[in-house]
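Here the structure comes first, spelled out in structure tokens, and everything after it is commentary.
The values are calculated or read from the model by the stated rules, or taken from the named source; none is laboratory data. Keep in mind the model is a prediction, meaning the values are calculated, not measured. A quick note on method: Cβ atoms are made from the backbone with ideal geometry, for glycine too, and the neighbour counts reach across all protein chains shown.
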Amino acid sequence: MQNSWSLPMQSKNYEIIIGLEVHAQLATRSKMFCRCAVDVDAKPNTKVCPICLGLPGVLPQTNDQAIKLGIRAALALGCSVNLESRWARKHYFSPDLPKGYQITQYEHPLAEKGVLELPGFDKKVRIRRLHLEEDAGKLIHSTRKTLVDFNRCGVPLAEIVSEPDIRSVEEADAYLKELRLVLRTLGVSEAEMERGHFRCEPNISVRPRGQKKLGVRSEIKNLNSFKAVREGIARAVKDQIEWLQQGKEIVQTTYLWDEKLRELRPMRAKETAADYRYFPEPDLPPLILEPFEIEEIKKQIMGTTVPSNQGTTVSFDVSFVLPAQKRKEWLEKGLKKQDVEVLVAEPEWERYFIQLSNVGASVKEASTWLLNEARGILAERKETLAEFKVPVKELASLIKLLRDGKLTRPAAKELLAAMADKGRNAAELMEELDLGGVSDEGLLEKTARKVIEENPDACGRYHKGKTNVIGFLLGQCMAKLRGKADPKAVREMLMKLLSETR
Ligand SMILES: [Zn+2]
């Protein structure tokens with residue numbers, strides 16, 4: 001099946017060039033230049049003050065935490081952080097921007113020249129710059145009127161701009177997913193796309209393969225889902241290829257993506273920097289950083305989460321481990337790729353996994369019983385890990401019962417499902433449900449003898465060299481033992497008895 005963003009065959013003759021700008025909302029409690037709470041879900045226009053409304057005579061003050069988070073993101077992306085950066089005013093009119101300008105960073109951004117590696121693509125995308133700025137408010141349109149909510153005015157953002165190094169829809173998708181993961185892992189941004197915490201503006205151009213000169217760019221504003229990004233970029237590429245083939249001139253344009261019609265709606269001819277009349281923000285001094293401040297933040301982005309063989313407990317609050325590093329470590333521990341992605345992308349699973357390893361489960365046991373079995377049960381019930389009724393200690397007991405041969409694998413699965421239902425102690429519930437395995441040698445022997453007696457034909461064939469008959473006899477034994485014995489032990493018993501009766 002074709003994806004909704006698949007490109008036509010003739011696109012192979014063209015080179016696609018994509019750069020991405022991302023606005024990520026920084027996870028601070030208060031706004032960028034005032035002390036209003038960041039709470040965009042609050043009743044409209046209740047989280048505002050003269051500063052974020054831009055009333056005359058007020059003085060903005062920078063939020064230290066926002067700056068720290070910006071530095072953390074910049075370092076994680078391998079950027080060099082500038083010891084001096086500056087604030088600038090970017091002027092434009094919008095009903096949701098009561099000041100008539102936005103405070104941002106222009107010629108002197110917080111950080112520059114980073115890189116993000118795309119997992120699975122063996123490719124690095126260069127980051128041009130990362131700067132801090134404030135958000136605008138929100139317009140709420142209905143059929144007859146438009147309302148404005150200023151609660152979002154002044155909410156801190158990091159804008160992260162890539163170089164035009166991206167060459168396909170798939171790479172753009174991978175870049176955004178990895179960037180989002182980095183920001184979330186580091187606690188820089190919640191980056192919840194549906195809540196507008198992570199918005200993307202791609203710029204796209206195409207040129208015939210072999211041509212040196214870059215094509216004319218189309219820019220798409222404020223996309224806030226991965227799907228919208230993929231479909232929007234694919235649409236822009238298709239349109240541009242069509243225009244080139246028809247010999248039309250492409251005009252640099254900014255578009256809005258219409259999700260329903262899957263079309264790009266021209267918004268305006270692209271403005272240039274001159275249109276914004278950038279000038280230095282007169283109310284704020286340059287942002288000066290000391291090298292030790294940057295070093296301190298750098299130290300946080302280190303360390304290792306993967307448990308060592310000694311089972312050291314790991315603290316999650318002190319250090320932040322980058323997804324690429326985690327991926328490498330978990331793969332080295334022998335985990336499968338898809339399991340690694342769960343641990344890297346979902347911290348609550350990673351935490352449980354590490355705790356399980358800390359109480360004695362091997363990496364293989366933990367991946368089987370947590371990431372496959374338990375995750376399967378929860379997925380079936382449409383529940384989250386937070387709703388999982390089995391504490392780490394009890395899952396570890398189940399694994400130990402299995403390891404010690406007190407449970408068979410199918411019985412362990414049944415026990416886990418029952419534990420997830422009832423939230424009970426593994427050993428107790430095993431007794432209660434009579435799931436314990438038959439390890440009693442006497443009973444195994446008795447059962448095997450009985451099966452041999454009842455099946456003289458099969459035994460005869462076995463003695464004539466048709467040794468695969470043992471599978472049938474084993475099945476008979478397991479049925480009599482209600483599947484609760486270790487098949488390996490039963491097979492050994494059968495072979496021993498069969499060799500005696502020869
Ligand atoms: Zn305010």
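If only residues of region 57-97 that are touching a Pro at 6+ places or on another chain (Cβ under 9 Å) and more than 26 Å from ALA191 (Cβ to Cβ) are counted, the one that is farthest from the ligand (Cβ to nearest atom) is LEU83. When ASN468 is tested against (1) touching a helix residue (DSSP H, G or I) at 6+ places or on another chain (Cβ under 6 Å); (2) modelled with pLDDT under 85, just one condition goes unmet, and that condition is (1). For region 104-114, the criterion of a residue being free of Cβ contacts under 8 Å to residues at least 60 places away in the same chain and either farther than 30 Å from GLU295 by Cα or among the β-branched types (Val, Ile, Thr) (or both) is satisfied by at least one position.
All of (1) over 30 Å from the mean Cα position of the chain (by Cα); (2) within 13 Å of the ligand (Cβ to nearest atom); (3) closer than 30 Å to VAL229 by Cα hold for PRO44 with one exception: (2). Taking (1) surrounded by fewer than 20 Cβ atoms within 10 Å (Cβ to Cβ); (2) without any contact (Cβ under 8 Å) to a residue 60 or more places away in the chain; (3) of a type outside the set (Ser, Thr, Tyr); (4) assigned to a helix (DSSP H, G or I) in turn, ILE354 satisfies each apart from (1). Of the residues making up region 328-349, one or more are outside any helix (DSSP H, G or I), farther than 29 Å from GLY483 by Cβ and either touching a residue at least 60 places away in the same chain (Cβ under 8 Å) or in contact with a Lys or Arg (Cβ under 9 Å, 6 or more places away or on another chain) (or both). Candidates are the residues of region 82-135 that are aliphatic (A, V, I, L, M) and farther than 30 Å from GLU171 by Cα; the one that is modelled with the lowest pLDDT is LEU97. For GLU15, the stated conditions hold: it is away from the ligand (no atom under 11 Å from the Cβ), farther than 21 Å from GLU178 by Cα, assigned by TED's automatic domain parsing to the domain that holds GLY137 and not in a loop (DSSP other than H, G, I, E, B). The criterion of at least 1 residues that are at pLDDT 95 or above is met, among strands (runs of 3 or more DSSP E) falling completely within region 138-236, by 156-162, 198-208.
Check off (1) surrounded by fewer than 18 Cβ atoms within 10 Å (Cβ to Cβ); (2) not in a loop (DSSP other than H, G, I, E, B) for HIS23 and give me the number that stays unchecked. Of the numbered conditions (1) surrounded by fewer than 18 Cβ atoms within 10 Å (Cβ to Cβ); (2) not in a loop (DSSP other than H, G, I, E, B), the odd one out for HIS23 is (1).
The residues of region 114-161 that are farther than 19 Å from LYS68 by Cα, within 16 Å of the ligand (Cβ to nearest atom) and not basic (Lys, Arg), listed by number, are ALA136, GLY137, VAL148, ASP149, PHE150, ASN151, CYS153. Of everything in region 128-175 that is among the β-branched types (Val, Ile, Thr) and surrounded by fewer than 23 Cβ atoms within 10 Å (Cβ to Cβ), the residue that is nearest to the chain's Cα centre (by Cα) is VAL161.
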